[in-house]
Amino acid sequence: MVLEATLRPGDPAALISLLKHPIIRLGMDKAELEKQVNRLELLTLRGGTAPANPSALTPRVTEAIARLKDNPHKTHWQQHLLIEDQLEMLITLARRIEQAVEPLTRMAARDQFGRPVQRYPLPAWAEATGQALEAFCLDERGSLESLWSSEAGVTLARLLRELQETGDVLEADGPQWIDALTALIAGVGVKPKANDHPRVMIWGTLEARLLEVDTLVLGGLNEGIWPAQTANNPFLSRMMKTEMGLEPPERRIGQAAHDFVMGLGAQKVILTRALRQGGAPSVASRFLQRLQSAAGESVTEAMRKRGDDYRALAESLDYGDEQPFSPRPEPFPPAEKQPERYSFSEAGRLRRDPYQIYARRILKLDPLEPFNREPAALERGNLYHAVVERFVRGGYDARAPGAFEVIARITAEVFAEAALPAHVEAVWRPRFLEVAREFLAYEAERRPLIDKSFVEIRGEHHLPGLTVSGRADRIDLRKDGRADIIDYKTGLGPSPKEARTLLEPQLALEAAVLKAGGFADLKARQAEDLLYVRLRPGRNFKVDCVNNEKSTKTKPEDRRAADELATEALLQLAKLTAALKTGKAGFKSRVAPFRDSDHGGDYDHLARVAEWSSADSDEESGDE
């Protein structure tokens, strides 16, 4: 792990696996080291796309600390980290890691293309590896007992010493040294000095012949294992072996038969075999078959019955008390512990999966970022939003001749700031430029109707015991005095029907806040249209209107105006939060999920969705 993390830097999982190894100390107390490594993992190694290089950790930790202090939306663990003021200790840990890998990194210089620039003899690599290992495993008392005192440590020390004595015959660069040492270690066996249990020993046939015990278990009595299959040598025929004085293959079968008979001479013997091998039925050893034939059916059956007692004991290890399926969680926390402020987007999650709100806002559990997660739909949506926001905020006219050049320049700036991996940017940037052409056409058509546009504007509205707040992507004030609320989407969801039925009440709540005068710099007014602008390339660019009071294809009773949706969304949210606070409803898991088969939510594992949803499915289908 030391070599992989240092000489092939990049994978944060390799580095964190090294730092969490039980014998790693870095001159620190074990408990303190575990605490600091966990903080280093959360702050620096999880999330993002930057490679993890143990020889350059200090700048990365310093940069992560600066981002943490400037982040206005800190998670609960980030706030806790700032309160405890442990940031300087993280820098100290990063410096210790850099010092530990220094013997290896000074030999692993690379050129601008990432290729090793120099090769070193194997003794030099062996010495540097030993120095790095000792730096990592040195405990707070200055002892290296955990590294060299075990059987594996003694074996490794012997291997490194032998490599140091080989001379400068072979040379290797960093990656080659990893492969060479891996190949050498693969051929070395580490045999424990003593058995783990004082009364149970695992022996080979030679040891079993020479030593005496109370009970002897002869295992693996399957044909092909005991005795092993004979194999013809492709280079030496049977006659050639005989002339050279080598033993014939059948001698091993005879030796195995001798070992079998010697084992039967113990005071108490248990004969075992596997009924299946590699998923297929197995054949009993010829020794066992002949023993049963000679003993007779009655004796064989008596032996099986005595063996059933031991088999039952072994099988009992796999059984336990029957456990009922976990029920669907529906916690009822006290009213004073429940949130009194919800964002526009959280209102939708509260409708669909209240348990997510419970886990995040009440238990204060934040999802754990993966290692080096590839940029996905969320990052793409944020980039598209940023480009469109800058274009609209800048007051550029989509009808002007140079409008596309302007949005292309903004696109280049936003993508440069994002520092995406090259293979991702090569796909996303041309795709967005296609989106930009459709967006400009939509803007040019819409611009004559608009008096002024507000982007990323914050608003909030207060009710007794409830505050609704958040940012609207865009609010357009039209020249006729009405207002349109726009939400940019890069995918197909949510659908207008979901928004119209208030499963996704974000736009409707924004309309309610606008009606109450809750947006800064905007007077109270009713919203005319609630629009989803789907930023997708080509013909997939689409504008969906949530309110459908003007539709001629919808039944009159199904038509909903924006003002009606706004009033109802606010009323439903107030009723739901009141029911949660009074205990009439609980924070139930997955009330209305997007897809029943999708268990990929941030808190689905905590809610044990896979367990109780399987139980529900069995009950509905009548399975027993």
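The values are calculated or read from the model by the stated rules, or taken from the named source; none is laboratory data. On a predicted model such as this, the values are computed, not experimentally measured, just so you know. FYI the Cβ positions are ideal-geometry reconstructions off the backbone, even for glycines, and counts take in every protein chain you see. When the accessible area is computed, the model is the full protein with side chains, heavy atoms only, and any ligands, DNA or RNA have been set aside. Shrake-Rupley method; radii C 1.70, N 1.55, O 1.52, S 1.80 Å.
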Across region 146-159, in residue order, what do the Karplus-derived ³J(HN,Hα) couplings come to in whole Hz, using 6.51 cos²θ - 1.76 cosθ + 1.60 with θ = phi - 60° and x for Gly and Pro?
5, 8, 9, 7, 7, 4, 5, x, 5, 5, 5, 4, 5, 5
Where a Cα-Cα gap under 13 Å defines reach, which aspartates and glutamates qualify for LYS30, not counting those fewer than 8 residues away within the same chain?
ASP139, GLU140
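Taking N as the number of residues in the chain, what value does Rg over Cα atoms divided by 2.2 N^0.38 Å take?
The reported ratio for this selection is 1.39.
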Considering only the other residues whose Cβ falls under 14 Å of the Cβ of GLU557, what net charge follows from Lys and Arg at +1 and Asp and Glu at -1?
+2
Semi-axis lengths (Å, descending) of the ellipsoid that matches the C-alpha gyration tensor of region 136-244
37, 29, 12
Run through region 204-298 and list the GluC sites (Glu not before Pro) located in a DSSP loop whose Cβ has at most 14 other Cβ atoms within 10 Å.
GLU212
Under a point spin-label approximation (7 Å from Cα along Cα-to-Cβ), what is the ARG608-ASP214 distance to one decimal in nm?
4.2 nm
For region 110-155, run through the trypsin sites (Lys or Arg not before Pro) and keep only the ones in DSSP coil with at most 12 other Cβ atoms within 10 Å of their Cβ.
ARG141
Assigned charges on the beta-carbon of Lys, Arg, Asp, Glu; the chain dipole about Cα centre (debye)
1240 debye
Quick one: if you stick a label point 7 Å off each Cα along the C-beta vector at TRP203 and ARG306, how many nm between them?
1.9 nm
Sequence-distant lysines (8 or more away, or on other chains) whose Cα lies within less than 25 Å of LYS69:
LYS35, LYS364
Using modelled amide H (1.01 Å from N, peptide plane; none on Pro or chain starts), what sits under 5 Å from the amide H of GLN277, excluding residues fewer than 5 places away?
SER282
Put a dot 7 Å past each Cα toward the Cβ at GLU98 and ASN382; how far apart are the dots in nm?
2.7 nm
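Tally Lys/Arg at +1 and Asp/Glu at -1 over every other residue whose Cβ is under 12 Å from the Cβ of ALA128; what's the total?
Summing Lys and Arg as +1 and Asp and Glu as -1 gives -2.
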So if each residue of separation counts as 0.36 nm, and I subtract the Cα-Cα distance between LYS553 and ALA183, what length gain in nm does that give?
126.0 nm
I'd like the antiparallel share, as a percent to the nearest 5, of DSSP beta bridges with both residues in region 466-552.
55 percent
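Provide the net charge surrounding LYS575, with neighbours chosen by a C-beta distance below 12 Å and charges set as Lys +1, Arg +1, Asp -1, Glu -1.
Here the count lands on +2.
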Quick one: which of LYS337/LYS575; LYS515/LYS550; LYS452/LYS489; LYS497/LYS542; LYS452/LYS515; LYS74/LYS515 span more than 26 angstrom between C-alpha atoms?
LYS74/LYS515
Projecting the Cα atoms of ALA180, ALA516, SER343 onto the charge dipole of the chain, where Lys and Arg contribute +1 and Asp and Glu -1 at Cβ, the residue farthest towards the positive end is ALA516
Eligible lysines near LYS305 by straight Cα distance, threshold 24 Å, same-chain separation 8 or greater
LYS268
FRET efficiency for ALA426 and LEU365, using Cβ-Cβ distance with R0 set to 30 Å, rounded to 0.05
0.25
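In region 216-366, what percentage of the DSSP-assigned beta bridges are antiparallel, given to the nearest 5?
50 percent
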Could you please state, rounded to a whole Å, how far the C-alpha centre of region 382-421 is from the C-alpha centre of region 64-92?
32 Å
Among DSSP beta bridges lying fully in the chain, give the percent that are antiparallel, nearest 5.
65 percent
LYS489's amide H: which non-local residues (gap 5+, or another chain) put their own amide H closer than 5 Å, with H modeled 1.01 Å from N in plane and none for Pro or chain starts?
VAL533, ARG534, LEU535
Run the helix sum for the chain: -39,500 (n - 2.57) per DSSP H stretch of 4+ residues, divided by residue count, reported at 222 nm to the nearest 500 deg cm²/dmol.
-14500 deg cm²/dmol
With θ set to phi - 60°, apply the Karplus curve 6.51 cos²θ - 1.76 cosθ + 1.60 along region 228-241 and write out the HN-Hα couplings as whole Hz, x wherever there is a Gly or Pro.
6, 5, 7, 10, 6, 6, x, 9, 10, 6, 4, 5, 4, 5
Any idea of THR554's accessible area? Nearest 10 Å², probe 1.4 Å.
40 Å²
If packing is taken as the average number of other Cβ atoms within 10 Å across a peptide's residues, how do 150-158, 55-63, 165-173, 343-351 rank, most packed first?
343-351, 55-63, 150-158, 165-173
By how many nm would the segment from GLU374 to ASP397 lengthen if fully extended, with 0.36 nm per residue of separation less the alpha-carbon distance?
4.8 nm
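Where Rh is the Kirkwood radius over the Cα pairs of region 218-363, the temperature 25 °C and the viscosity 0.890 mPa s, what D in µm²/s does Stokes-Einstein return?
Working: Rh = 22.1 Å.
D = 111 µm²/s.
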Using θ = phi - 60° and the Karplus curve 6.51 cos²θ - 1.76 cosθ + 1.60, what whole-Hz ³J(HN,Hα) does each residue of region 583-590 get, with Gly and Pro shown as x?
x, 6, 9, x, 7, 6, 7, 6
Sparsely packed chymotrypsin sites (Phe, Trp or Tyr not before Pro) within region 173-262, loop by DSSP, other Cβ within 10 Å at most 15
TRP203, PHE235
Given +1 on the Cβ of Lys and Arg, -1 on the Cβ of Asp and Glu, and no further charges, what dipole in debye does region 28-176 carry about its Cα centre, rounded to the nearest 20?
580 debye
Using +1 at the Cβ of each Lys and Arg and -1 at the Cβ of each Asp and Glu in the chain, identify which of ALA13, ALA416, LEU440 lies farthest towards the dipole's positive end.
LEU440
Dipole in debye (nearest 20) - region 113-216, about Cα centre, beta carbon charges: Lys, Arg +1; Asp, Glu -1:
160 debye
Of LEU33, PRO54, LEU90, farthest towards positive along the dipole that unit charges on Lys, Arg, Asp, Glu beta carbons give region 1-154:
PRO54
Given the C-alpha centroids of region 141-197 and region 509-547, what is the distance between them in whole angstrom?
66 Å
